[in-house]
Amino acid sequence: MKSKLLTTLFLSSAIFAQPLLAKDNKQVDHRGVYVGGGYGLISASGDDDFDDDDDAYNVFIGTQFNQMISLEAGYLDFGKFGNDTFNTKLDGYTLGLKLGLPVTERVTLFVKGGNYWWDADLSGFDNTLSLDGNELFYGAGASFAISKNWQLNLDYTRYDFEFEDDEIGIFSNVDKFNGEVDYASLSVQYTF
């Protein structure tokens with residue numbers, strides 16, 4: 001159901017943006033400070049049967065030096081996901097670099113990477129364990145300039161997590177909790 005919702009959002013955004021992108025407007029602003037927020041779906045998987053699909057949201061602020069280089073910081077909340085035995089609540093902060101390849105004046109393909117500083121609450125067996133750490137992330141996407149200041153972003157990002165046995169105590173008897181969280185999102189951005 002949620003993947004259908006995200007697919008519908010992507011397609012309707014592309015249909016909505018296409019007439020706006022077709023206009024030849026040289027007033028698109030590719031430099032400056034920007035803010036934005038997004039919503040998307042996550043797919044979390046682990047070593048065993050720890051997997052789930054859920055939704056997440058993010059907010060971000062950055063500076064775009066030109067159409068090709070941006071530096072961005074943000075907050076990302078993966079919410080709560082897991083299986084019948086265990087679940088995890090995960091959120092944190094990001095800092096990363098986006099490198100773009102302009103396709104047109106209004107469309108840019110990009111790759112991004114950086115660091116994610118996270119806090120997690122693992123729950124199971126009537127126990128809760130709080131952990132924190134940091135992991136690298138990487139992803140790719142496309143941005144569509146709708147007007148001089150407004151932009152629509154579609155992206156797919158992967159976060160790899162590794163929890164050591166001595167960190168997770170009793171939880172290590174069941175699952176290593178090493179896994180990947182994939183985040184596909186749609187976001188809106190405003191450049192000042």
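The values are calculated or read from the model by the stated rules, or taken from the named source; none is laboratory data. These numbers were taken from a predicted model, which means no experiment stands behind them. Neighbour counts are summed over all protein chains in view; Cβ atoms, including those assigned to glycine, are modelled from backbone coordinates with ideal geometry. Quick note on the areas: whole protein, heavy atoms, side chains included, nothing else; ligands and nucleic acids left out. Shrake-Rupley method; radii C 1.70, N 1.55, O 1.52, S 1.80 Å.
Taking the residues in region 52-78 that are open to solvent by 70 Å² or more (accessible area, probe 1.4 Å) and not hydrophobic (A, V, I, L, M, F, W, C) as candidates, determine which candidate is farthest from Tyr39 (Cα to Cα). If we take residues in region 52-78 being open to solvent by 70 Å² or more (accessible area, probe 1.4 Å) and not hydrophobic (A, V, I, L, M, F, W, C), then Asp53 is farthest from Tyr39 (Cα to Cα).
Pick out the one residue from Asp160, Asp121, Asp166, Asp132 that is part of a strand (DSSP E or B), at pLDDT below 90 and open to solvent by 70 Å² or more (accessible area, probe 1.4 Å). I'd like the intermediate steps shown before the answer.
Working: Asp160 fails: open to solvent by 70 Å² or more (accessible area, probe 1.4 Å); Asp121 fails: open to solvent by 70 Å² or more (accessible area, probe 1.4 Å); Asp166 fails: part of a strand (DSSP E or B).
Among Asp160, Asp121, Asp166, Asp132, only Asp132 is part of a strand (DSSP E or B), at pLDDT below 90 and open to solvent by 70 Å² or more (accessible area, probe 1.4 Å).
Ala56 meets the stated requirement of being part of a strand (DSSP E or B), at pLDDT below 95 and among the aliphatic types (A, V, I, L, M).
Please work out which residue is surrounded by the fewest Cβ atoms within 10 Å (Cβ to Cβ), limiting yourself to region 101-118 and to residues that are charged (D, E, K, R) and not in a strand (DSSP E or B). Working first, answer last.
Start the filter on region 101-118 by keeping residues that are charged (D, E, K, R), which leaves 105-106, 112.
When the remaining residues are screened for being not in a strand (DSSP E or B), the result is 105-106.
Numbers: Glu105: 16, Arg106: 21.
Selected residue: Glu105.
Looking across region 104-138, not a single residue is without any contact (Cβ under 8 Å) to a residue 12 or more places away in the chain and under 28 Å from Tyr34 (Cα atoms). Taking the condition modelled with pLDDT under 75, over 30 Å from Val28 (Cβ atoms), open to solvent by less than 20 Å² (accessible area, probe 1.4 Å) and in a strand (DSSP E or B), does Phe81 pass? Here the answer is yes, as Phe81 does meet what is asked.
Restricting to region 87-100, name every residue that is surrounded by fewer than 20 Cβ atoms within 10 Å (Cβ to Cβ), closer than 20 Å to Ser43 by Cβ and either of a type outside the set (S, T, N, Q) or at pLDDT 90 or above (or both).
Answer for region 87-100, where residues must be surrounded by fewer than 20 Cβ atoms within 10 Å (Cβ to Cβ), closer than 20 Å to Ser43 by Cβ and either of a type outside the set (S, T, N, Q) or at pLDDT 90 or above (or both): Lys89, Asp91.
Being open to solvent by 40 Å² or more (accessible area, probe 1.4 Å) and at pLDDT below 80 is a description that applies to Asp49.
Residues in region 142-157 that are open to solvent by 20 Å² or more (accessible area, probe 1.4 Å) and among the small types (Gly, Ala, Ser): 1 in all. Applying the criterion of being at pLDDT 60 or above and β-branched (Val, Ile, Thr) to the residues of region 173-188, the residue that is farthest from the chain's Cα centre (by Cα) is Val188. Within the span defined as region 29-41, every residue fails to be of a type in the set (A, V, I, L, M), open to solvent by less than 40 Å² (accessible area, probe 1.4 Å), under 17 Å from Ser185 (Cα atoms) and modelled with pLDDT under 50.
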